[in-house]
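K.L.:
My questions all concern the structure below.
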Amino acid sequence: MEKLFIYNTSSRKKEEFRPIVEDHVGLYVCGPTVYGDAHVGHARPAITFDLLFRFLTYIGYKVRYVRNITDVGHLENDADEGEDKIAKKARIEELEPMEVVQYYTNRYRKNMRQLNVLPPSIEPHASGHIIEQQAMVSKILENGYAYQVNGSVYFDVEKYNQKHNYGKLSGRILEDLYNNTRGLDGQSEKKNAFDFALWKKASPQHIMRWPSEWSDGFPGWHLECSVMSTKYLGEIFDIHGGGLDLMFPHHECEIAQSVAANGKESVNYWMHNNLITIDGQKMGKSLGNFITLDELHSGAHQALEKAYNPMAVRLFILQAHYRNPLDFSNEALQAAEKGLERLFNAIKTLHKITESESTTGFEIKEWRTKCFNAMSDDLNTPILIAHIFDAVKFINSIAGGSATISYEDLILLRKLMNDLVFTILGLEIVTENNKSDDKLDDVVHLLLSLRHEAKENKDWALADKIRDELQNKGFVIKYTKDGFEWSLK
């Protein structure tokens, strides 16, 4: 297998990746909180860890890739107070919380398909693992690292820090947390303002709640990832990924929970992608400066000069190293579009050119080594893409008659360009058929959502009509626990 060196946030250095089991990898990535449409900022972790998933698979590992869906417990401003983000959306729109979850989960998956992000091996929901989360809270209480107040359970950070290092991932020091939160003392039922909720007692108006020995309530946001990652990947697993904005407090709290419950850390390698900014500010819903992926692909946003191909968006993101910040601009996206056009034209040309007796002006095997060295060096896609465009220049020079290529090298170059561009980087040539398929998917999901509303309103005639018309047109509808899937006969 190719060696892979990755930057481990925990050790703050680049390390050779060594999986726990020789040819198997457990990869867990924090997925979306599904209370609104995915924006450009959501695309970066999705594409970063899709790239890692693809490359690990390509070099021979069997990867179990788990990406969660947060559908309970994530309160406003990433805090322990306020309203659940999904419950708030459900209240405003007069829907069941799980209707909100299903609607935005479907839209997120559609956006991921447009970006050619592969689906994970397992996509668990936080709400489907309440019992396991309650069990971890009980273990942390039994081990003395949590306390109960008025039906809620909080993690005791100060007690934990007496034996362990809270802040090891982000470099935070408890003394700094004291200083930064001192003004909040006495305003909360917590011992310290930086303690975090493991279980929250639900207020009378709180929609999403479950019975427990402490109260009718719901789990804290940080708990779900500690529970679901170890449930599907084991008490110790290989890689945990996510955006840099999750390092503190979310991932820091995950480490503390795992050590408090199981006596050991669960993650060998932490990987964090940097953020996408706009005018130097983090792009996000809380700041109101975000552009949704649907707006980006349609051009329906005042900050956009035009609509952008999803593959141009993917290339735009891959042109920066995943650990570096990336500033959004129309100019950068348009440059990515031009680069994509040059790249795809060269690949088409590569399948038309004919071989000669020898290769001149380019060392294919040496070029291959450079490409894979770049990927093996902490997924250095900017260097890889630069090498790929060196090959584009060579292909164009063959077509122009100033260079030649042997049969053996032609076959090798075709395979390598296919592997690097399509299999590893995940770019794809988008045709009108691809666009038509996306639109058809949108229409079918709209009709099925209307049928669901009709059933909720007991309008059985309309519900049956929609079903029958879809069947008559050759659509096969399969209802699943996560919603519905469709195919054509």
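K.L.:
Can you tell me which residue among 31, 60, 36 is crowded, with 23+ Cβ neighbours inside 10 Å, of a type outside the set (Val, Ile, Thr), assigned by TED's automatic domain parsing to the domain that holds residue 254 and in contact (Cβ under 8 Å) with a residue 12 or more places away in the chain?
P.N.:
Going through 31, 60, 36 in turn, the sole match is 31.
K.L.:
Against the conditions (1) among the β-branched types (Val, Ile, Thr); (2) buried (at least 17 other Cβ atoms within 10 Å of the Cβ); (3) part of a helix (DSSP H, G or I), where does residue 430 fall short? Just the number, please.
P.N.:
Unmet for residue 430, out of (1) among the β-branched types (Val, Ile, Thr); (2) buried (at least 17 other Cβ atoms within 10 Å of the Cβ); (3) part of a helix (DSSP H, G or I): (3).
K.L.:
Continuing with this model, one more query. Only one of these is touching a helix residue (DSSP H, G or I) at 6+ places or on another chain (Cβ under 7 Å), in a helix (DSSP H, G or I) and either of a type in the set (Ser, Thr, Tyr) or over 30 Å from residue 97 (Cα atoms) (or both): 54, 44. Name it.
P.N.:
54
K.L.:
Would you check if there is a residue in the range 262-282 being in a helix (DSSP H, G or I) and in contact (Cβ under 8 Å) with a residue 24 or more places away in the chain?
P.N.:
Yes - at least one qualifying residue is present in the range 262-282.
K.L.:
While we're on this one: Looking only at the range 115-124, decide whether some residue is at pLDDT 95 or above, touching a helix residue (DSSP H, G or I) at 6+ places or on another chain (Cβ under 7 Å) and on the phi > 0 side of the Ramachandran plot.
P.N.:
For the range 115-124, residues at pLDDT 95 or above, touching a helix residue (DSSP H, G or I) at 6+ places or on another chain (Cβ under 7 Å) and on the phi > 0 side of the Ramachandran plot: present.
K.L.:
Also, quick follow-up: Applying the selection to the range 289-305, what residues are of a type in the set (A, V, I, L, M) and in contact (Cβ under 8 Å) with a residue 24 or more places away in the chain?
P.N.:
Within the range 289-305, 291, 293, 296, 303, 304 qualify.
K.L.:
Can you tell me how many residues in the range 75-89 are surrounded by fewer than 20 Cβ atoms within 10 Å (Cβ to Cβ), part of a helix (DSSP H, G or I) and either in contact (Cβ under 8 Å) with a residue 60 or more places away in the chain or within 22 Å of the chain's Cα centre (by Cα) (or both)?
P.N.:
So the answer is 3.
K.L.:
Could you figure out which of (1) of a type in the set (Asp, Glu); (2) within 20 Å of the chain's Cα centre (by Cα); (3) at pLDDT below 95 isn't true of residue 279?
P.N.:
Answer for residue 279: the failing condition is (2).
K.L.:
Go through the range 65-80 and give me each residue that's of a type outside the set (S, T, N, Q) and farther than 12 Å from residue 29 by Cβ.
P.N.:
If the condition is that a residue be of a type outside the set (S, T, N, Q) and farther than 12 Å from residue 29 by Cβ, then 71, 72, 73, 74, 75, 76, 78, 79, 80 are the ones that fit.
K.L.:
Looking at (1) part of a loop (DSSP other than H, G, I, E, B); (2) touching a helix residue (DSSP H, G or I) at 6+ places or on another chain (Cβ under 8 Å), can you tell me which one residue 297 breaks?
P.N.:
All conditions are met except number (1).
K.L.:
Do the conditions hold for residue 144, that is, is it more than 28 Å from the chain's Cα centre (by Cα) and assigned to a loop (DSSP other than H, G, I, E, B)?
P.N.:
Against the criterion (more than 28 Å from the chain's Cα centre (by Cα) and assigned to a loop (DSSP other than H, G, I, E, B)), residue 144 qualifies.
K.L.:
Could you tell me whether any residue of the range 96-109 is within 30 Å of residue 206 (Cβ to Cβ), in a loop (DSSP other than H, G, I, E, B) and at pLDDT below 95?
P.N.:
Checked against the condition, which is being within 30 Å of residue 206 (Cβ to Cβ), in a loop (DSSP other than H, G, I, E, B) and at pLDDT below 95, the range 96-109 yields at least one hit.
K.L.:
State yes or no: is residue 400 over 30 Å from residue 324 (Cβ atoms) and modelled with pLDDT of 85 or more?
P.N.:
Yes: the conditions hold for residue 400.
K.L.:
Which one of these does residue 283 not meet: (1) crowded, with 17+ Cβ neighbours inside 10 Å; (2) under 22 Å from residue 424 (Cβ atoms)?
P.N.:
(2)
K.L.:
Right, here's the next one. Mind checking which pairs have a first residue in the range 106-125 that is under 13 Å from residue 66 (Cβ atoms) and a second that is surrounded by fewer than 20 Cβ atoms within 10 Å (Cβ to Cβ) and of a type outside the set (Phe, Trp, Tyr), Cβ under 6 Å, 6 or more apart or different chains?
P.N.:
Correct list of pairs: 121/64.
The values are calculated or read from the model by the stated rules, or taken from the named source; none is laboratory data. Remember, it's a predicted structure, so these values are computed and weren't measured experimentally. Backbone-built Cβ (ideal geometry, glycine too); neighbour counts: all protein chains shown.
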